[in-house]
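Peer 1: Please find one structure pasted underneath; my questions will follow.
Every read-out reported here was derived from the displayed coordinates using simple, explicitly stated rules and does not represent laboratory data. Because the structure is predicted, anything quoted here is derived from the model rather than measured. No Cβ is skipped: glycine too gets one built from the backbone with ideal geometry, and neighbour counts run over all protein chains shown.
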Amino acid sequence: MEIQRDFFDALETLPEAPEHAKLREWASEYLDLEVLRDPRTDLRSSLRYEPEKLPEEFHLMIGMLEVLLTPAPHEQIKSPHDLARILMTRQGFLLQEQLGCACLDTKNRLQKLHMVYQGSLNASMVRVGEMFREAVRLNSAAIIVYHNHPSGSPDPSPEDVLVTREIVQAGRLLDCDVLDHLVIGQGRWVSMRERGLGF
């Protein structure tokens, strides 16, 4: 979130060259820039149109932001915030629920963001073993589970707590720590570990 604020602070200090003014004018047609400047918001809450009505160039720009926010290979994930800022961009436009995991090495460096399920999910659909398939392949030391709520509210459901508990228990058996489960909503996110849910 600090990066988002710094990004816009930097934009404000740029000289008012014609190309900068054109970029702001073009982006403001699709984004409410005042809303986006708030570090607590995400891209979806600042959109003026539904995602499917946005031009291809806009999606390319969002993809570029996602790449810029993703940690470099030597950078560590030190807190839930470090991963949440990537996921808020990555999952900000999703109209379907996605469940995935961030695979981390022994120094908590991000190896891969891996989507496990997509669609309307419930606790009975989730096979806990699938959550660790990619982590085992990469010899990951830990994972962070994440999923989005297209409804916009990141409050964990009882099913989210149940699945989290089962994933944490499986991680102990597989010697792969489950560090957190992040629920991504519209403009907000929740760390289930911080709330003591499922851990």
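Peer 1: With Cβ to Cβ distances under 14 Å as the rule, what net charge do the other residues near PRO158 carry (K, R +1; D, E -1)? Don't jump to the answer; show the numbers that get you there.
Peer 2: Details: positive: ARG165, ARG195; negative: ASP155, GLU159, ASP160, GLU166.
Local charge sum for PRO158: -2.
Peer 1: Let me ask you something else. Ranked by Cβ crowding within 10 angstrom, fewest neighbours first, how are ASP32, ASP180 ordered? Spell out each step's value before the answer.
Peer 2: Working: ASP32 14, ASP180 23.
With the sparsest Cβ surroundings first, the list reads ASP32, ASP180.
Peer 1: Tally Lys and Arg at +1 and Asp and Glu at -1 over the other residues with C-beta under 9 Å from the C-beta of MET192: what net charge comes out?
Peer 2: Here the count lands on -1.
Peer 1: Compute the relative contact order of segment 119-183 as a whole-number percentage, counting only Cα pairs closer than 8 Å that sit 6 or more residues apart in sequence.
Peer 2: That works out to 47 percent.
Peer 1: Work through the residues other than CYS101 whose Cβ is under 10 Å from its Cβ and net out their charges, Lys, Arg +1 and Asp, Glu -1.
Peer 2: Net charge around CYS101: 0.
Peer 1: Can I ask one more? What does DSSP give for segment 116-193 in terms of the percent of beta bridges that are antiparallel, rounded to the nearest 5?
Peer 2: Of those bridges, close to 30 percent are antiparallel.
Peer 1: Where does each of TRP26, TRP189 land when they are ranked from fewest to most other beta-carbon atoms within 10 angstrom?
Peer 2: Ascending number of Cβ neighbours within 10 Å: TRP26, TRP189.
Peer 1: Just subtract the alpha-carbon distance of LEU95 and ALA170 from 0.36 nm times their residue separation and send over the number in nm, one decimal.
Peer 2: Details: separation 75, 0.36 × 75 = 27.00 nm, distance 2.93 nm.
Stretched out fully, the LEU95 to ALA170 stretch lengthens by 24.1 nm.
Peer 1: Could you pull out every residue, at least 5 positions away or on a different chain, whose amide H is within less than 5 Å of the one on VAL178? Hs are placed 1.01 Å off N in the peptide plane, and Pro or chain starts have none.
Peer 2: ILE143
Peer 1: Fewest Cβ neighbours within 10 Å first, please rank LEU197, LEU162 accordingly.
Peer 2: Listed from fewest to most nearby Cβ atoms, that is LEU162, LEU197.
Peer 1: Shape of segment 80-195 from its Cα gyration tensor (a ≥ b ≥ c, root eigenvalues): rounded if a/c is under 1.5, otherwise prolate when a/b > b/c, or oblate?
Peer 2: Working: a/c = 1.61, a/b = 1.31, b/c = 1.23.
The shape class here is prolate.
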